[in-house]
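The values are calculated or read from the model by the stated rules, or taken from the named source; none is laboratory data. In this text the structure is predicted, and so the values were computed from the model without any measurement. Neighbour counts are summed over all protein chains in view; Cβ atoms, including those assigned to glycine, are modelled from backbone coordinates with ideal geometry. Heavy atoms of the whole protein, side chains included, go into the accessibility calculation; ligands, DNA and RNA do not. Shrake-Rupley method; radii C 1.70, N 1.55, O 1.52, S 1.80 Å.
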Amino acid sequence: MIHSLFLVNASGDIFLEKHWKSVVSRSVCDYFFEALERATEPENVPPVIPTPHHYLINVLRHRIYFVAVIQSEVPPLFVIEFLHRVVDTFQDYFGVCTEAAIKDNVVVVYELLEEMLDNGFPLATESNILKELIKPPTILRTVVNTITGSTNVGEQLPTGQLSVVPWRRTGVKYTNNEAYFDVIEEIDAIIDKSGSTITAEIQGVIDACVKLTGMPDLTLSFMNPRLLDDVSFHPCVRFKRWEAERILSFIPPDGNFRLLSYHVSSQNLVAIPVYVKHNISFREGSSQGRFELTLGPKQTMGKAVESVLVSSQLPRGVLNANLNPSQGTYTFDPVTKLLSWDVGKINPQKLPSLKGSMSLQAGASKPDENPTINIQFKIQQLAISGLKVNRLDMYGEKYKPFKGIKYMTKAGKFQVRT
Amino acid sequence: MRNALVSAENLQLTLKTDFSSEEQALTIKHSSGNEEKPIVFPSYLKEMLESNKESLKLEAMKRIVGLIAKGKNASELFPAVVKNVASKNIELKKLVYVYLVRYAEEQQDLALLSISTFQRALKDPNQLIRASALRVLSSIRVPIIVPIMMLAIKEAATDLSPYVRKTAAHAIQKLYSLDPDQKEHLIEVIEKLLKDKSTLVAGSVVMAFEEVCPDRIDLIHKNYRKLCNLLVDVEEWGQVVIIHMLTRYARTQFVSPWREDAMFDENNEKAFYDSEEERKVEQTRPYIMDPDHRLLLRNTKPLLQSRNTAVVMAVSQLYWHLAPKHELSIITKSLVRLLRSHREVQYVVLQNIATMSIQRKGMFEPFMKSFYVRSTDATHIKTLKLEILTNLANEANISTILREFQTYVKSQDKAFAAATIQAIGRCATNISEVTDTCLNGLVLLLSNRDETVVAESVVVIKKLLQTQPSQHSDIIKHMAKLFDNITVPMARASILWLMGEYCEHVPKIAPDVLRKMAKTFTNEEDIVKLQIVNLAAKLYLTNSKQTKLLTQYILNLGKYDQNYDIRDRTRFIRQLIVPNEKSGALSKYARRILMAPKPAPVLQSAFKDRDRFQLGTLSHTLNSQASGYLELSDWPAVAPDQSVRNVEVVEPAGAPALRKSKTAKSNEKRLLLIIMTKYILIHIVLSISTQFFVNCMCSLLHLCVFLACQFDAVSWHVHVSLQASSPVFVPETSHELLHRMTGKGLSAQYRFTRQPCIYGNSMVSLQLTLSNSSDQALENIHISEKSSTGQNIHRFNAIERLEPQASVTVSMGVDFNDSTQAANFQLCTKEDEFSVSIQPAVGELLLPITMSEADFTKEQGKLMGMNESSATITMKPENVSSQSVNRKVVSVANIGVIPSSQENIYRFAGKTVSSGSLVLVSVALKDPDAVITINTEKTVIGSMLLRQFKTALTNSGP
């Protein structure tokens, strides 16, 4: 299936290669570089590139292209999904997935890639199994290893691979038994010029951090499970129980994992927590443009809107912007024409605003498009769909775990057209 | 034995010096050849590798792996590295494996040095070590070891551990790519592994099947139902492969569920009246889905909820290609959900949705808003979304879509704006109500400042006008006015063509345009020039009074143009339109030739014919056939024999391994010896000068290492723990659950599969065979929700319909809670309820485990006193052999055999299913008596087991 993997950085250098079958010359990447040159933006490189003898499937994460070389028919999503899984694993191991981190840990990276694929077919992709095989590098362990000469390859054999619950390792022990669940919802919306909602959807996930001894069997139930329109589960969740009782019943993996992702359909009414008043205009014949933007809270259930960040791609004709924020700071990059305004928290008594003028290229005609405004924000302790966890029970073990639930709402792809 | 080892060690030491001198030479050559590489690396690293310190060796290996990762060539260090292949340090060993697999192909001779290490590891009692040895051995691409690999694969395919069998399945593909001549043998192994019941193996063996013999569909028949049932529990990557294979399989085995509903009713009636004509009835019978077809659809449905996007896509394409049309809608939501994922996933999913939305608009119409474009999307995502929105457009939603398109036209991304204009054009032709609105909108765009937008609008307007030219002469006039400002050649050419084609609607303007063009002819692009000539010819025919001179002038310019296409066209046109004596006949028809009414172009989706490829495949994404693409066959007109999928005989899993291994082993030894001898001979013949000595030594070393490893026992130090293993023996006897008389035609039998239950860790897994011996179909067979006793029962999915004389096999799980109390429950059909009960034999409440002999005695020591029960019996002489004792014991209870070093003592170990308590059984033979000892915390189970063993071992017979 997957023949080879090349890692290419933003400046177009191959900095790592790994082959699972016979070696494929790195010149195969020339086709990829051609496509890279043609693309105006890094994201515009087509994910699947055919070459005379191979097919290149690439994903772009953290400004690194992961280019897989394929020789024959294979579902492209299979490869794409696997490459993303590789990136997730690197992130899990090194905290960040950057060129520097990969280069520093090249041996661990190689060991991981060796375990993840056998002859190009995925072998062990569960993070719990991998961590048993190859321990993630920490500063402490690196120091200890250099002194004692010990290794970060697990001495024990991964029994998880053989068990009926391959996602959980055996013999887990904690002194403090804890289970935390984060319900995180993201609002995707497009708001039109006049402030009415064109489309809005809620995508939610429940991320868990479970540190429990032994083999606990958990059930999680919701007050209003009907809200969940479409769900996808971690393999540990028993599908039958969800079908019958709308209860999540599972033996959790050890550590951090994504238990569930769900979708609240666009048919339901979605509360939009912020509004934007804007006035961006260019006058014909003048080299000045007006820019006014005011943000305000709306339907936030009394919670504060925090970490607000506004960004907008201004038209190419704009030379510079001379603006005055009532709070926070703004930057304008005259090369990429990207305006971003770090607002911080919205105070309902004193609404944040950004006002001023833009200078246009002399002689250029008035741009005929208006920029779209992208907004990011966070609201703590609120799940905007109204989803509530009812209770969490544990079976199979005798101790009493410490349980915690946190809610958060974020902006996903939240766009305002002007 | 020891001596052999020591001498091997010595040889290695002597060899080392020789190698190094050779390498030094290489180093020098290397460093002079390529200056950008560190000059020191080989000799410096080699010293580190040859030091006695593990840490230095490890450090060296880490650096070498770093070099490999960068794509540098480190093959010169091969001899120094390969010596460490048997290192005790696990990390060092793993890195050596990485190196070995990378360079073995280039250094075939030296790679053979390592083979014996893996051979030894293949016999290791620990399954993970066996698996890893097979994995590396099969990754070494050296043709000379093909026979060794083949033997190793054959043996591993019958290994007790499913993990080793999985590795064997992977090795099949590797061997096949190394030596395709082994195909026939490999197919035998695949056939064997396909019968495997472990979820670990299923995905990998199907992958091997797809790679080696995808056309041997006959191998699937018997395993079809099992694969369907296992699917949910297979790991996610295996699921994708199995689903794709089953899609292909189903298209060859079942009849199409896509018949017209109208035909359906008609046939029904006919069947009612013509009941005498058997054959005809058979043919026109209303469509009933094959239960196996339904099974596949039902078992894949839950996988739509998978977190793995490839699995969701695989199920979606399965439904698209196999499900009745009215069931398709369930995949919509899941596909729309995938759009939230990464850019690359979106790209592939949108492509598939685009193909689907052409054929079935209704599926995605409610989700139209999910395809609205965001300014942050990548261009290829935007264009795909546009494509889908255009496909979804109909009379009801067109106004919403057009409003959305208006925003897109203003986008800063001009390529996208141009694509939007084309989309508007497509909407306008497809939906006649909005044609005028679209045209007006496009005309407005003609005054846009951006050139690409204007050009695209002109091209689209041209196409639209062709459909109804008479009403739009004002638009043509408007375009003529704009003509001077438009510079894009394609747009200019389009306007000129329009002028010529409809010159009768604009009789005054057209000649004037021609006049202007005559002035600028020489500066125009080629396509524009062609259209000028075209316009001139048409005007000459319709309005020769005003344009005769202009045409002559233009034809003269064209005659001497640099481009031969234009010269040819000019010559052709001149002959055609200007009458002279030579071309008399043709010029009469000139008007009919040039002014013939042209059919309007059809604006189609680019995804129109993509459905010739199976959805979700690479070929579909590229819209061209990728190598290795397997065509999806059409539905057969008549369903092939269904009974091929019936499974009657259940083979005991893994049992044959015990008997075979001995012969295989000796075979293998002989083979290896032959290879070694050959190897030495070749070297002796080939090597002349000083090389001779080194090579001889090398070969001798091989032999020594090889001999040593054959005798050496365990050298891999590992932590051994209790490991579940697969059952040694699975009884085929089934017990009656419900007799057909009491069950009013429904009969049920159950048997214990002795496999770990997939529904829960503490459950015993059971297989239920339900058959219908009545003469009418039974519907909705299920187990009632209320259980009369306390056991936790995992019910099987309700069976919707069981035809007369048909039978179906389902699996269920019961948590007996380590007691032999019967599980009582209600087996229900649509009409009746039957109380039934399952009484487990005590031996079925156990699961086999493996452990070493030492561990066994240790554990046994802990379970003395109260926990021990024993009995002395007198053995029948025919039962005394080791085989018969083993067979008797494992047939009574589901426990694993522990290898024993003492001849007269047999040991077995298992654990109880619910609580996981150890159950240790030992049988000590003291002719003619035998002492059975059972050690377990569960004393009740212990004593019951003891009683059963007593009867089993004292009775003669099988």
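Within segment A:330-339, how many residues are buried (at least 16 other Cβ atoms within 10 Å of the Cβ) and among the hydroxyl-bearing types (Ser, Thr, Tyr)?
First pass over segment A:330-339, keeping only residues buried (at least 16 other Cβ atoms within 10 Å of the Cβ): A:330, A:332, A:337, A:339.
From the residues that got through so far, the ones that are among the hydroxyl-bearing types (Ser, Thr, Tyr) too are A:330.
Counting residues in segment A:330-339 that are buried (at least 16 other Cβ atoms within 10 Å of the Cβ) and among the hydroxyl-bearing types (Ser, Thr, Tyr) gives 1.
Could you check how many residues of segment A:362-391 are over 25 Å from A:Ile346 (Cα atoms) and either surrounded by fewer than 17 Cβ atoms within 10 Å (Cβ to Cβ) or of a type in the set (Phe, Trp, Tyr) (or both)?
Of the residues in that region, 9 qualify.
Can you name the number of the only condition in (1) at pLDDT 90 or above; (2) open to solvent by less than 70 Å² (accessible area, probe 1.4 Å); (3) farther than 24 Å from A:Thr197 by Cβ that A:Ser359 fails?
(1)
From the set of residues in segment B:806-833 that are more than 34 Å from the chain's Cα centre (by Cα) and hydrophobic (A, V, I, L, M, F, W, C), which is farthest from B:Arg751 (Cα to Cα)?
Within segment B:806-833, the first condition is being more than 34 Å from the chain's Cα centre (by Cα), and the residues that meet it are B:815-833.
Retained after the next criterion (residues that are hydrophobic (A, V, I, L, M, F, W, C)): B:816, B:822-823, B:825, B:827-828.
Numbers: B:Phe816: 15, B:Ala822: 14, B:Ala823: 14, B:Phe825: 16, B:Leu827: 16, B:Cys828: 19 Å.
Among those residues, the one meeting the criterion is B:Cys828.
For segment B:502-528, which residues satisfy the criterion of being assigned to a helix (DSSP H, G or I), under 23 Å from B:Ile475 (Cα atoms) and either in contact (Cβ under 8 Å) with a residue 60 or more places away in the chain or open to solvent by less than 20 Å² (accessible area, probe 1.4 Å) (or both)? Steps first, please.
First pass over segment B:502-528, keeping only residues assigned to a helix (DSSP H, G or I): B:509-523, B:526-528.
Next, from what is left, pick out any that are under 23 Å from B:Ile475 (Cα atoms): B:509-517, B:527-528.
Hits for segment B:502-528 are B:Ala510, B:Pro511, B:Val513, B:Leu514, B:Met517, B:Val528.
Would you mention how many residues in segment B:153-170 are under 19 Å from B:Arg141 (Cβ atoms), facing chain A (nearest Cβ under 8 Å) and either in contact with a Leu (Cβ under 6 Å, 6 or more places away or on another chain) or modelled with pLDDT of 95 or more (or both)? Walk me through how you get there before you give the answer.
Taking segment B:153-170 first, the residues under 19 Å from B:Arg141 (Cβ atoms) are B:153, B:156, B:167-170.
The next check asks that each one be facing chain A (nearest Cβ under 8 Å); those that pass are B:167, B:170.
Checking which are either in contact with a Leu (Cβ under 6 Å, 6 or more places away or on another chain) or modelled with pLDDT of 95 or more (or both) leaves us with B:167.
Residues meeting the conditions: 1.
I'm trying to understand the selection: among the residues of segment B:604-631, which are in a loop (DSSP other than H, G, I, E, B) and open to solvent by 30 Å² or more (accessible area, probe 1.4 Å)?
Of all residues in segment B:604-631, those in a loop (DSSP other than H, G, I, E, B) come to B:604-609, B:613-617, B:623-631.
Answer for segment B:604-631, where residues must be in a loop (DSSP other than H, G, I, E, B) and open to solvent by 30 Å² or more (accessible area, probe 1.4 Å): B:Gln604, B:Ala606, B:Lys608, B:Asp609, B:Asn623, B:Ser624, B:Gln625, B:Ser627, B:Gly628, B:Leu630, B:Glu631.
Just checking, does segment B:207-219 include any residue being within 13 Å of chain A (Cβ to nearest Cβ), more than 15 Å from the chain's Cα centre (by Cα) and either at pLDDT 90 or above or part of a helix (DSSP H, G or I) (or both)?
Scanning segment B:207-219 turns up no residue that is within 13 Å of chain A (Cβ to nearest Cβ), more than 15 Å from the chain's Cα centre (by Cα) and either at pLDDT 90 or above or part of a helix (DSSP H, G or I) (or both).
When segment B:71-108 is examined, which residues are found to be without any contact (Cβ under 8 Å) to a residue 12 or more places away in the chain and either more than 8 Å from chain A (Cβ to nearest Cβ) or under 27 Å from A:Glu132 (Cα atoms) (or both)? Give the derivation first.
Let us first name the residues in segment B:71-108 that are without any contact (Cβ under 8 Å) to a residue 12 or more places away in the chain, namely B:71, B:73, B:90, B:93-94.
Passing the criteria: B:Asn73, B:Ile90, B:Lys93, B:Lys94.
Among all residue pairs at least 6 apart or on different chains, which show Cβ distances below 6 Å where the first residue, located in segment A:89-103, is at pLDDT 90 or above and the second is in a loop (DSSP other than H, G, I, E, B) and among the hydrophobic types (A, V, I, L, M, F, W, C)?
Every condition considered, the pairs that remain are A:Phe90/A:Cys97; A:Gln91/A:Cys97.
Where residues in segment A:184-243 are of a type in the set (Lys, Arg) and in contact (Cβ under 8 Å) with a residue 24 or more places away in the chain, which of them is least open to solvent (accessible area, probe 1.4 Å)? Before the answer, list the steps.
Within segment A:184-243, the first condition is being of a type in the set (Lys, Arg), and the residues that meet it are A:193, A:211, A:226, A:238, A:240-241.
Imposing the further condition that a residue be in contact (Cβ under 8 Å) with a residue 24 or more places away in the chain reduces the set to A:193, A:211.
Values: A:Lys193: 122, A:Lys211: 76 Å².
This residue is A:Lys211.
Could you grab me the full set of residues in segment B:323-346 that are open to solvent by 30 Å² or more (accessible area, probe 1.4 Å) and touching a residue at least 40 places away in the same chain (Cβ under 8 Å)?
Answer for segment B:323-346, where residues must be open to solvent by 30 Å² or more (accessible area, probe 1.4 Å) and touching a residue at least 40 places away in the same chain (Cβ under 8 Å): just B:Lys325.
Can you name the helices (runs of 4 or more DSSP H) wholly within segment A:106-172 that have at least 3 residues being more than 9 Å from chain B (Cβ to nearest Cβ), modelled with pLDDT of 75 or more and out of contact with any Cys (no Cβ under 9 Å at 6 or more places or on another chain)? Before the answer, list the steps.
Details: elements: A:106-116, A:127-133, A:139-148.
Helices (runs of 4 or more DSSP H) meeting the threshold: A:106-116, A:127-133.
Out of segment B:171-187, which residues are hydrophobic (A, V, I, L, M, F, W, C) and either in a loop (DSSP other than H, G, I, E, B) or more than 13 Å from every other protein chain (Cβ to nearest Cβ) (or both)? I'd like the intermediate steps shown before the answer.
Going residue by residue through segment B:171-187, those that are hydrophobic (A, V, I, L, M, F, W, C) are B:171-172, B:175, B:178, B:186-187.
Passing the criteria: B:Leu186, B:Ile187.
Evaluate segment B:827-849: report whether one residue or more is touching a residue at least 40 places away in the same chain (Cβ under 8 Å), over 30 Å from B:Glu736 (Cα atoms) and either surrounded by 21 or more Cβ atoms within 10 Å (Cβ to Cβ) or among the polar types (S, T, N, Q) (or both).
No.
Output the residue which, of all residues in segment B:116-127 that are touching a residue at least 40 places away in the same chain (Cβ under 8 Å) and in a helix (DSSP H, G or I), is farthest from the other protein chains (Cβ to nearest Cβ).
Across segment B:116-127, the extreme among qualifying residues is B:Ser116.
I'd like to know if segment A:274-296 contains one or more residues that are more than 12 Å from chain B (Cβ to nearest Cβ), open to solvent by 50 Å² or more (accessible area, probe 1.4 Å), assigned to a loop (DSSP other than H, G, I, E, B) and touching a strand residue (DSSP E or B) at 6+ places or on another chain (Cβ under 6 Å).
yes
In segment B:51-66, how many residues are under 13 Å from B:Lys83 (Cβ atoms) and facing chain A (nearest Cβ under 8 Å)? If you could, list the steps in order and put the result at the bottom.
Start the filter on segment B:51-66 by keeping residues that are under 13 Å from B:Lys83 (Cβ atoms), which leaves B:51-52, B:57, B:60-61.
Remaining after also requiring facing chain A (nearest Cβ under 8 Å): none.
Total satisfying the criteria: 0.
Any chance you could count how many residues in segment B:869-923 are open to solvent by less than 30 Å² (accessible area, probe 1.4 Å), within 23 Å of B:Val940 (Cβ to Cβ) and assigned to a helix (DSSP H, G or I)?
4
Any residue that is under 20 Å from B:Val728 (Cα atoms), among the aliphatic types (A, V, I, L, M) and touching a strand residue (DSSP E or B) at 6+ places or on another chain (Cβ under 7 Å) - is there at least one of those in segment B:928-938?
yes
Checking the structure you have, find out if any residue of segment A:340-349 is touching a Leu at 6+ places or on another chain (Cβ under 8 Å), touching a residue at least 24 places away in the same chain (Cβ under 8 Å), open to solvent by 40 Å² or more (accessible area, probe 1.4 Å) and within 14 Å of chain B (Cβ to nearest Cβ).
Of all residues in segment A:340-349, those touching a Leu at 6+ places or on another chain (Cβ under 8 Å) come to A:340-343, A:346.
If we keep only those that are touching a residue at least 24 places away in the same chain (Cβ under 8 Å) as well, we get A:340-343, A:346.
This time we only want the ones that are open to solvent by 40 Å² or more (accessible area, probe 1.4 Å), so: A:342.
Next, from what is left, pick out any that are within 14 Å of chain B (Cβ to nearest Cβ): none.
Within segment A:340-349 (the criterion being touching a Leu at 6+ places or on another chain (Cβ under 8 Å), touching a residue at least 24 places away in the same chain (Cβ under 8 Å), open to solvent by 40 Å² or more (accessible area, probe 1.4 Å) and within 14 Å of chain B (Cβ to nearest Cβ)), the answer is no, since none of the residues qualifies.
To keep it simple, each residue is scored yes or no on (1) among the β-branched types (Val, Ile, Thr); (2) away from every other protein chain (no Cβ under 14 Å).
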site: B:Leu304; (1), (2): no, no
site: B:Ala323; (1), (2): no, yes
site: B:His326; (1), (2): no, yes
site: B:Ile330; (1), (2): yes, no
site: B:Arg360; (1), (2): no, yes
site: B:Met363; (1), (2): no, yes
site: B:Val373; (1), (2): yes, no
site: B:Leu384; (1), (2): no, no
site: B:Ile401; (1), (2): yes, no
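What are the residue pairs meeting all of these: first residue in segment B:425-442, first residue open to solvent by less than 80 Å² (accessible area, probe 1.4 Å), second residue among the charged types (D, E, K, R), Cβ atoms under 7 Å, and 6 or more apart or on different chains?
Final answer for the pair search is B:Gly425/B:Lys463; B:Ile431/B:Glu395.
Are any residues in segment A:16-51 open to solvent by less than 40 Å² (accessible area, probe 1.4 Å), within 11 Å of chain B (Cβ to nearest Cβ), within 23 Å of A:Met116 (Cβ to Cβ) and in a helix (DSSP H, G or I), and if so, which ones?
Matches in segment A:16-51: A:Cys29 only.
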